[in-house]
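What follows is a set of notes on a single structure, which appears directly below.
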Amino acid sequence: MKLYSLVGNEVFKIIMKKRLWVIVGILIILIGLFAYGEHYTRERTQSQIAERLGIDDVDDWREITNQQLLDLERRLDNPFIPEEGRASIQVRAEQLRYYLAEDINPTTFSAAQFMSNFMEQSIFLFLPLLIILLASDIVSKESTTGTIKLLMTRPVPRWKILTSKLLALTILEMIVILLMAVIALGISYITFGHGGFREPVITGFRVVNGELDASNIQTVSRGTYIFMTYSLGYIVAFSIGKMALMVSVLVKSTAASIGIMMSSLIGGTFLSFFISDWEITRYLFNVNLRLTDFLSGDLQPVEGLSLSFSIGVLLLWALAATLVAFGVFSYKDILD
Amino acid sequence: MSELVLELRNVHKAIKGKKIIKGINLELFSGEVLGFLGPNGSGKTTTLRMIVGLIRMTKGEVFIAGHSIEKDFVKAMKNVGCIIENPEMYDYLSGWENLKILASMEKGITKERMKEVVSLVGMEKRIDDKVYTYSLGMKQRLGIAQAIMKRPKLLILDEPANGLDPAGISEFRKLIQKLAHEESMAVLVSSHILAEIEMMCDRVAIIKQGEVVQVTTVKNIVKDQGIIWKIKEVQQGKKILEEEFQTAVQLKEDQTLLAFIGEDQVSMVNKRFMEADVGLLYVNKNQKSLEDLFLALTAGDEIV
Ligand SMILES: Nc1ncnc2c1ncn2[C@@H]1O[C@H](COP(=O)(O)OP(=O)(O)OP(=O)(O)O)[C@@H](O)[C@H]1O
Ligand SMILES: [Mg+2]
């Protein structure tokens, strides 16, 4: 049987289940709140800084940035700040110095900036949750309702049925990323007015042994930067989706399937806080989700990670999950 | 010529160490309806699941149209339409969308054929409604439609009459017999309703605790089924039957007479009873023959 028609069936089923509309609803509400919050904080910090400096002109970004830089340098002199915190302040300070030197205004906020910010904030928790919501019932719902018997008594080998589900899920993950981009763009355009897609962005900061390494920095346009963040988002969606698919094959109920994925997502993140110096922690998928931080130069929860290492770990998890899913799905008895 | 469509060879199944099916052998030919009878938990559904490859056999082999279900799943399943246990469908889709999805997974099911089966099961009016608005009987009808739409060589139905109304059951029975006898499908149907099985099937296989204890033709059971008379003058009637029709007569507990005579003779007996004025109240076929057999064979069987 032709694979694409099977994939078509699966995509059709996911869309008709209306999960996708729930996701669109959540996205609209959350992005709306996020945009409002961002707008509000920006205005307040700007006027606070201006007030402290005793200047009326809140639009003089050079002065504000200078002030922020001084602030950071003061905090670096504070002996009570721990080593990790110190490194992240250094990164931030370095970035500000760079903005000043290159004449880039970091205080303005554009729709484009909001878009990349939104993905940076979502990539490690919100995006995985959406994907879990979408993927967790892809097999388990068929087990609960018994429709799996319909599928498995067709003249189609089991591996082909699972492949069609896997490909449909991969397409739907892409659609979720696109939905995030479109909804974020729409809402932020209404909130912040200007686009700002051509604004230059600096990327490529790295922290090596607690020191800021600026040797690889590059300037790209904000549009390119957004494309990069959303692509990294897709990698996260891809691997979380495959893990959710595996759990969905392993357990019968959708509620259990969602529960298991959520608790390993959140539990693993907690775990990584407590045992961050343990070598094995870096192979948890949880600590490797913040892929966009490698672009922006923010500090990773576990030291010594790199973009390619993290992507590699995520893809390995996806591969292992897929193998387990296929192994179990091809051989399991359908007893109910 | 009828061909061998389904063959079970020494099929075993153990689940978590518990032996559930203990060596079933069965043959089913095209154009034949085989009733699969057995008490609750005797292993009917388990056997049917193994036949369609939903669960693996611990030991033994199943061949469908000559193809092993384990080694040649796709070729074997090309010949099978089935409903296992309940007629589950995607309830968030319409009946028609369900059929479309399932048809796309087979070869050569045309839109015309789909429309044809929809009208065969009498679902034209509701086929575009979502399945969650269907009643149990309507789901069952849709289930039957999806099972027969590819004109399978082997049709497997697990308690298909479940939820159907009397008119539905009678239509369903006619449909099954038509499929078997005109399109020479082989039909394997499990049921609890003995009268149903008796009217619909050519043969019955009775299963008890994972073993087939008897396979017999329905004709055989029905042949010595007997006729029952309810009359006022029991002794006089008994004498007439014994002396004038030379047949053995049983006087049953409920004061009815049971005799094994050919149906052609029944009207003559009735005529004689009227003449002799024995007070004839009713005359009936002995409906309990299959039930008697079933109860006798599965006596003392408890659900384990
Ligand atoms: N998932 C399971 N795990 C363990 N035992 C099971 C499982 N499913 C069924 N069984 C056992 O297998 C036996 C046969 O069950 P099966 O469903 O085949 O019976 P059945 O003949 O179809 O009964 P019914 O007439 O009630 O439908 C029963 O004893 C049951 O307890
Ligand atoms: Mg059963």
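The values are calculated or read from the model by the stated rules, or taken from the named source; none is laboratory data. Keep in mind the model is a prediction, meaning the values are calculated, not measured. No Cβ is skipped: glycine too gets one built from the backbone with ideal geometry, and neighbour counts run over all protein chains shown. All accessible areas refer to the heavy atoms of the entire protein, side chains included, with ligands and DNA or RNA removed. Shrake-Rupley method; radii C 1.70, N 1.55, O 1.52, S 1.80 Å.
Calculate the length of the line joining the C-alpha centroid of region B:45-73 to that of region A:168-190, in whole Å.
Answer, in whole Å: 45.
Could you tell me how many degrees, from 0 to 90 and to the nearest 10, lie between the Cα long axis of helix B:234-245 and the main elongation axis, the longest principal axis, of the Cα atoms of chain B?
That helix lies at roughly 80 degrees to the long axis.
What percentages, rounded to whole numbers, describe P(r) for region B:225-287 computed over all alpha carbon pairs with 10 Å bin width beginning at zero?
Whole-percent P(r) values from 0 Å outward: 24, 66, 10.
Counting DSSP beta bridges with both partners in the protein assembly as shown, what percentage is antiparallel, nearest 5?
If I count the DSSP bridges inside the protein assembly as shown, around 70 percent turn out antiparallel.
Could you sort A:141-148, B:116-123 so that the peptide with the highest average Cβ count within 10 Å comes first and the rest follow in order?
A:141-148, B:116-123
Once you charge only the Cβ atoms, +1 for Lys and Arg and -1 for Asp and Glu, what is the size of the charge dipole of region B:1-156 about its Cα centre, to the nearest 20 debye?
Computed about the Cα centre, the dipole is about 480 debye.
For peptide B:86-92, what's the mean number of Cβ atoms from other chains within 10 Å of each residue's Cβ?
The mean count of partner-chain Cβ atoms within 10 Å per residue comes to 5.
How well do other chains shield peptide A:280-293, expressed as the mean number of their Cβ atoms within 10 Å of each residue Cβ?
0
Kindly give Rg over Rh for region B:1-54, based on alpha-carbon atoms, with the Kirkwood expression for the hydrodynamic radius.
1.00
Using +1 at the Cβ of each Lys and Arg and -1 at the Cβ of each Asp and Glu in the protein assembly as shown, identify which of A:169, B:102, B:265 lies farthest towards the dipole's positive end.
Sorting the options by dipole projection puts first B:265.
Based on the mean of other Cβ atoms within 10 Å per residue, sort peptides B:41-47, B:139-145, A:36-42 so the most packed one is first.
Going from most to least packed, we get B:139-145, B:41-47, A:36-42.
First compute the accessible area of region B:4-221 with a 1.4 Å probe, then give the percent of it belonging to carbon and sulfur atoms.
49 percent
Per residue of region B:12-28, what does 6.51 cos²θ - 1.76 cosθ + 1.60 with θ = phi - 60° give for ³J(HN,Hα)? Whole Hz please, x for Gly and Pro, Karplus curve as stated.
Taking θ as phi minus 60°, the curve returns 10, 8, 10, 10, 6, x, 9, 6, 9, 10, 10, x, 9, 10, 7, 10, 9 Hz for region B:12-28.
Summing +1 for each Lys or Arg and -1 for each Asp or Glu, what net charge is found among the other residues whose Cβ lies under 14 Å from the Cβ of residue B:178?
Residues close to residue B:178 contribute a combined charge of -3.
Could you tell me the center-to-center distance, by alpha carbons, between region A:125-148 and region A:249-264 in angstrom?
8 Å
Taking every residue in A:3-15, how many Cβ atoms of other protein chains lie within 10 Å of its Cβ, on average?
Going residue by residue through A:3-15 and averaging, the value is 2.
Based on the mean of other beta carbon atoms within 10 Å per residue, what is the order of B:203-215, B:76-88, most packed first?
In decreasing order of mean packing, B:203-215, B:76-88 become B:76-88, B:203-215.
Using DSSP, restrict attention to beta bridges with both residues in region B:4-221 and report what percent are antiparallel, rounded to the nearest 5.
Given both bridge residues lie in region B:4-221, the antiparallel proportion sits at roughly 60 percent.
Any chance you could give the angle, 0 to 90 degrees and rounded to 10, that helix B:95-104 forms with the longest Cα principal axis of chain B?
60 degrees
For the interface of B with A, what's the total buried accessible surface in square angstrom, probe 1.4 angstrom, rounded to the nearest hundred?
Counting protein atoms only, the buried area is about 2900 Å².
Quick check: the distance between the Cα centres of region B:226-274 and region B:83-119, to the nearest angstrom?
Using only Cα atoms, the two centres lie 52 Å from each other.
Which entries of A:252/B:153; A:2/B:130; B:150/B:178; A:160/B:19; B:59/B:219 have Cα-Cα distances beyond 25 Å here?
A:252/B:153; A:2/B:130; A:160/B:19; B:59/B:219
How much of the accessible area of region B:225-287, in percent, comes from carbon and sulfur atoms when a 1.4 Å probe is used?
Its accessible area is 47 percent carbon and sulfur atoms.
First obtain the Kirkwood hydrodynamic radius of the protein assembly as shown from its Cα pairs, then insert it into the Stokes-Einstein equation at 20 °C and 1.002 mPa s, and state the resulting D in µm² per second as a whole number.
Result for D is 71 µm²/s.
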